[in-house]
Amino acid sequence: MAEAKTYDGLPEQTLMGAPLDWKWLRGAKSEWGIHPKPSPRGLTMLDIAVGAYGEVPEHPQHRSLAPRGADVDADTPDMGYILNNKTDVWAENTRELYEEAVARQWSATRDIPWGELQELDDDVEHAMCQLCTLLTEVEMIAADLPAKWMWRMNHDFIEAKMFLCTQIMDEARHAEVFRKRALANGGGLLVSRSGPTSLLRTIIEAKTYTQATALMHLLGEGFVLDIFRMGELIAPTDVEKRIFRMCMQDEARHVAYGTMHLRYAGEHDPDVAEEIHEALDHGEHGLTDCGAAPDGSTALAVLLAGGVEHVEDKGFPMAFELNKKQFASYLARCERAGISRLERTTIPLDLLGIDPDDIRKAGGTFRSAA
């Protein structure tokens with residue numbers, strides 16, 4: 001056997017003659033010597049976004065699983081990603097939202113005081129179970145949709161993919177907690193209608209990820225977020241209040257990502273605006289059909305009234321105000337995203353008593369979370 005040669009004191013081949021490559025030991029093109037400084041919270045994704053490692057390319061050169069910033073061999077397999085433009089998935093708040101998400105994870109098993117559930121009047125328990133049936137159904141779509149698109153996203157957009165991983169976990173927990181609430185107090189899962197399912201199918205079948213996130217984050221999750229924010233009025237006991245509060249903090253993150261993604265996409269690719277408008281034209285019709293389903297709306301009215309006795313004089317007027325708030329919040333989110341719907345929406349603003357000038361003012365300041 002020939003004696004192995006050396007280079008810079010290192011062997012060039014194994015004892016069996018196979019070639020060795022010491023490129024990794026010499027640091028290659030990496031920014032050797034850069035030391036990110038941990039923040040008071042620890043070493044965050046923002047802290048390590050230093051030098052070239054923090055630069056997210058507009059159009060990545062590779063479509064591999066290689067970590068952004070690594071040296072990539074020319075023969076590295078192509079993963080076939082189709083979302084290869086930064087405008088396809090990026091939002092300027094993804095790193096912050098990811099860190100918030102991992103710091104605020106909670107358990108639907110341990111962090112809800114299930115032992116404090118109180119027996120409720122049958123009408124109120126039925127109303128809560130009906131609302132939980134609807135929420136169990138709609139929450140899981142917000143896990144299915146990121147899962148559908150994540151593996152199609154270029155790996156250079158790793159922070160966006162990581163955040164969407166947390167959204168999937170959040171939504172699984174939401175489906176879990178509402179299913180548990182429906183069953184935990186002697187009620188059960190009640191009626192599922194075609195209206196909500198049709199809207200959810202519209203979301204999951206969106207042609208592009210940007211259209212999908214407009215339908216899900218701006219429209220669907222935004223409406224659910226307002227229900228959670230009204231939890232103090234809707235919840236018959238402290239158990240439900242706790243559920244709504246915990247879900248609200250998660251949902252606010254998802255809506256914040258979607259709003260800022262659409263804003264980033266619109267600012268860097270003006271042609272995307274019409275694509276988003278087309279999706280929302282269709283989504284608003286679907287949401288109207290969904291809202292017309294009697295079960296969810298009447299269940300909310302009963303909960304807001306504290307029972308069927310005052311559903312007409314108290315429950316329905318309060319439900320109307322909630323509906324008005326949901327539409328107004330949605331239109332304000334569109335303004336923040338740079339996708340104004342005020343001149344295009346089919347939502348009857350006059351009938352709802354919504355002033356477009358108020359919407360423009362409300363859309364002026366973006367809130368990243370609840």
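The values are calculated or read from the model by the stated rules, or taken from the named source; none is laboratory data. Since we're looking at a predicted model, the values are computed, not measured. With ideal geometry, Cβ positions are generated from the backbone for all residues, glycine too; neighbour counts draw on all protein chains shown. Calculation scope for accessible area: heavy atoms of the full protein, side chains included, ligands and nucleic acids excluded. Shrake-Rupley method; radii C 1.70, N 1.55, O 1.52, S 1.80 Å.
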For this session: Show me 274-287, 158-171, 309-322, 350-363 ranked by packing, highest mean number of other Cβ atoms within 10 Å first.
Result: 158-171, 274-287, 309-322, 350-363
For this session: Could you calculate the FRET efficiency of Ser198 with Ala49 from 1/(1 + (r/R0)^6), where r is the beta carbon distance between them and R0 is 45 Å, rounded to 0.05?
Result: 0.65
Exercise. Quick one, which of (1) 198; (2) 251; (3) 176 is the actual volume of the Cα convex hull per residue in Å³ calculated for this model?
Worked result: (3)
Seminar exercise, completed: For the table Lys180/Lys325; Lys37/Lys86; Lys37/Lys207; Lys180/Lys314; Lys37/Lys148, the rows whose alpha-carbon distance is greater than 31 Å are Lys37/Lys207; Lys37/Lys148
Exercise. Once a ≥ b ≥ c are taken as the square roots of the eigenvalues of the Cα gyration tensor of region 245-303, is the result rounded (a/c under 1.5), prolate (a/b larger than b/c) or oblate (a/b not larger than b/c)?
Worked result: oblate
For this session: Send over a whole-number figure in Å² for the accessible area per residue of region 98-193, probe 1.4 Å.
Result: 42
Exercise. If you take the beta carbon distance between Leu351 and Gln118 as r and set R0 to 41 Å, what does 1/(1 + (r/R0)^6) give as a FRET efficiency, to the nearest 0.05?
Worked result: 0.60
Problem set entry | Burial order of peptide ranges 48-60, 172-184 (average beta-carbon count within 10 Å, highest first) | 172-184, 48-60
Exercise. So what is the relative contact order of region 294-336, in percent, for Cα pairs below 8 Å that sit 6 or more residues apart?
Worked result: 29
Seminar exercise, completed: A student applying the Cα gyration tensor rule (rounded when a/c is under 1.5; otherwise prolate if a/b is larger than b/c, oblate if not) would label region 233-370 prolate
Exercise. To the nearest 20 debye, what charge dipole does the chain have about its Cα centre, counting +1 at the Cβ of each Lys and Arg and -1 at the Cβ of each Asp and Glu?
Worked result: 740
Problem set entry | Mean Cβ count within 10 Å, highest first, over the residues of peptides 93-99, 204-210, 252-258 | 252-258, 93-99, 204-210
Seminar exercise, completed: Around Ser64 (Cβ within 13 Å, Cβ-to-Cβ, excluding Ser64; K/R +1, D/E -1) the net charge comes to -3
Problem set entry | Gyration tensor verdict on region 191-257 (Cα atoms; rounded if a/c is under 1.5, prolate if a/b is larger than b/c, oblate otherwise) | oblate
Seminar exercise, completed: TM-like helix rule applied to the chain (DSSP H, alpha carbon span at least 24 Å on the long axis, mean Kyte-Doolittle at least -0.5) gives 122-139, 158-184, 272-292, 316-336
